[in-house]
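Following: one structure in structure tokens, then a few remarks.
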């Protein structure tokens, strides 16, 4: 028995609802991961020799062909791509552990591919109930209510998009999910103007492409890398409140949140603040402003039931808030 593969060409809500309610373990394989491997000459020759992909057909993509196959052929192809070993290197039949340490009925597992900022694609398995639990606490941290109108501009196969949509599904809140694709920025603006959400959830790279357009949302929630002072000033013209979330696929989603009013002047180093841990999450870091150090997390929704190294560096300020040093600056410091 192997987990089945969700067709990521489906509408975002279908992907999310399938993840939320299926009893089977599933794996999410982004398009760029398949195409990147196929472009490798050795892999390409192996695939063509097995007649997996049709060659010389204009308008026919590797991904369209891949999702058109039956499960057996898909997994055979993944084996040739060198992904099957990665996908199956975790025990996706892991059972739910109670406080007493006893195993009860198994929880479906979700395999999420993540490159983060390491440029090394990896498949991270977590129990679906962990993702759901993290989403419930995230809704609380973002101060969401059932009557809020939410717009998600993200990718439904990344942990942020999954977390956000799970929040809305469990709250019963109205939400729209727009998959952000390069070159479709005009559609993003049109969606905000048409839907008129009071919450917009997205990433800094998407926000930066919308600063010079007309739109307004009461609360903007974003994740990813810290934003610059200049970004905050531009974003402040489009919303009343910002909430920055810091999370990881390894943690099952959100780790901490920082809320600020957009009209207030940005304080020193405030652009690096990722905020306070959400309920149930513990953060430890012995670094200082002059000597940032490793950030470790202990979370009940993480893929491991122990402290783990996030791969990020920073420090905790006098209020116990996490200050995260961007990885680009970490590299400069190391250099």
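The values are calculated or read from the model by the stated rules, or taken from the named source; none is laboratory data. Predicted model only: the values in this text are computed from it and were never measured. All Cβ positions, even for glycine, are placed from backbone atoms using ideal geometry, and neighbour counts span all protein chains on display.
List of remarks:
- Options 142, 177: the member that is crowded, with 21+ Cβ neighbours inside 10 Å and more than 15 Å from the chain's Cα centre (by Cα): 142
- Matching residues, the stretch 294-306, being exposed (fewer than 14 other Cβ atoms within 10 Å of the Cβ) and either touching a strand residue (DSSP E or B) at 6+ places or on another chain (Cβ under 9 Å) or within 18 Å of residue 257 (Cβ to Cβ) (or both): 305, 306
- Within the stretch 161-182, if we keep just the residues that are touching a strand residue (DSSP E or B) at 6+ places or on another chain (Cβ under 8 Å) and not in a helix (DSSP H, G or I), the residue that is nearest to residue 144 (Cα to Cα) turns out to be 173.
- Residues of the stretch 29-50 classified as outside any helix (DSSP H, G or I), over 30 Å from residue 19 (Cα atoms) and either at pLDDT 85 or above or touching a strand residue (DSSP E or B) at 6+ places or on another chain (Cβ under 6 Å) (or both), total: 0
- Looking across the stretch 312-335, the residues that are under 19 Å from the mean Cα position of the chain (by Cα) and at pLDDT below 90 come down to 326, 327.
- Residue among 260, 237 that alone is assigned by TED's automatic domain parsing to the domain that holds residue 205 and out of contact with any strand residue (DSSP E or B) (no Cβ under 7 Å at 6 or more places or on another chain): 237
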